[in-house]
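Encoded as structure tokens, the structure appears first; notes follow it.
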Amino acid sequence: MLDNDLAAATYLVAAQNGCYASPGATLHRLAYHDPALAARITVELWQSGHESVVSEALAHFAFDSYWLEHLPDSPRSHQTLALFTARLAEARGWPSVKERVRDAMSRYAALAESGDYDPCFLWAFTQTLEEAGEIAGSSEAGEALASLAAEAEYSSRGADLCSIP
């Protein structure tokens, strides 16, 4: 149904309001069921000037490695992030996708530094980006995700207490 009316789907996502029902969280959840549709809606929001929603959606993937480790039956998959970002890149190019991932890293790292978000955010994002990059392999997506993981890892130095138990 949502796939048949992209404008309506985009409106429904943009109208979400709340911590677990924000546009970014909604796109993250939708990506596990249909990464292509989630990417199309994300691109629509992006093109209408909602860059922060794109960053927020990408940031929601950060702890996926943690949850995959602890809830192996969850619908989460590293392949989803690889597919989602690849679809975004088809529409906007890898430089723009990387810019949005860097924005997500910067925003949420600042929140973590101020005590308003999990201090292990960058460490967790590094793990998830690495896994997604490995799943994507030697493709352009794999290389882009691996380079972003390296940036996140470099930025997360000092998060020595973070690890997935």
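The values are calculated or read from the model by the stated rules, or taken from the named source; none is laboratory data. It should be emphasised that the depicted structure is a prediction, and the values quoted were computed from it without experimental measurement. Using ideal geometry, Cβ is built from the backbone for each residue, glycine included, and neighbour counts are taken over all protein chains shown.
Out of all the residues in the stretch 113-140, which are assigned to a helix (DSSP H, G or I) and touching a Cys at 6+ places or on another chain (Cβ under 8 Å)?
Of all residues in the stretch 113-140, those assigned to a helix (DSSP H, G or I) come to 113, 121-136, 140.
Correct list: Trp123, Ala124.
Which of the numbered conditions does Thr10 fail, given that it passes all the others? Conditions: (1) under 19 Å from Tyr117 (Cβ atoms); (2) at pLDDT below 90; (3) in a helix (DSSP H, G or I).
So the condition that Thr10 fails would be (1).
Hey, can you tell me all the residues within the stretch 24-60 that are crowded, with 20+ Cβ neighbours inside 10 Å and more than 20 Å from Ala109 (Cα to Cα)?
Hits for the stretch 24-60 are Thr26, Leu27, Leu30, Ala31, Pro35, Ala38, Ala39, Ile41, Thr42, Leu45, Trp46.
Of Ser65, Ser106, Ser96, which residue is surrounded by 20 or more Cβ atoms within 10 Å (Cβ to Cβ) and either on the phi > 0 side of the Ramachandran plot or part of a helix (DSSP H, G or I) (or both)? Write out each step before concluding.
Details: Ser106 fails: surrounded by 20 or more Cβ atoms within 10 Å (Cβ to Cβ); Ser96 fails: surrounded by 20 or more Cβ atoms within 10 Å (Cβ to Cβ).
After ruling out the rest, the residue left standing is Ser65.
Restricting to the stretch 109-123, give me the number of residues that are out of contact with any helix residue (DSSP H, G or I) (no Cβ under 6 Å at 6 or more places or on another chain) and surrounded by 23 or more Cβ atoms within 10 Å (Cβ to Cβ).
So the count comes out to 1.
Report yes if Tyr66 is at pLDDT below 90 and not hydrophobic (A, V, I, L, M, F, W, C), otherwise no. Walk me through it before giving the result.
Working: at pLDDT below 90: yes; not hydrophobic (A, V, I, L, M, F, W, C): yes.
It is true that Tyr66 is at pLDDT below 90 and not hydrophobic (A, V, I, L, M, F, W, C).
Looking at Thr126, Thr80, which is the one that is farther than 22 Å from Asp34 by Cβ, crowded, with 18+ Cβ neighbours inside 10 Å, touching a residue at least 12 places away in the same chain (Cβ under 8 Å) and not aliphatic (A, V, I, L, M)?
On the way: Thr80 fails: farther than 22 Å from Asp34 by Cβ.
Testing whether each residue is farther than 22 Å from Asp34 by Cβ, crowded, with 18+ Cβ neighbours inside 10 Å, touching a residue at least 12 places away in the same chain (Cβ under 8 Å) and not aliphatic (A, V, I, L, M) leaves just Thr126.
Taking interchain pairs and intrachain pairs at least six residues apart, which have beta carbon atoms under 7 angstrom, with the first residue in the stretch 29-52 and within 18 Å of Phe63 (Cα to Cα) and the second buried (at least 18 other Cβ atoms within 10 Å of the Cβ) and not aromatic (Phe, Trp, Tyr)?
Final answer for the pair search is Leu30/Ala38; Ala31/Ala38; Ala31/Thr80; Tyr32/Arg76; Tyr32/Thr80; Pro35/Thr80; Pro35/Leu83; Pro35/Arg87.
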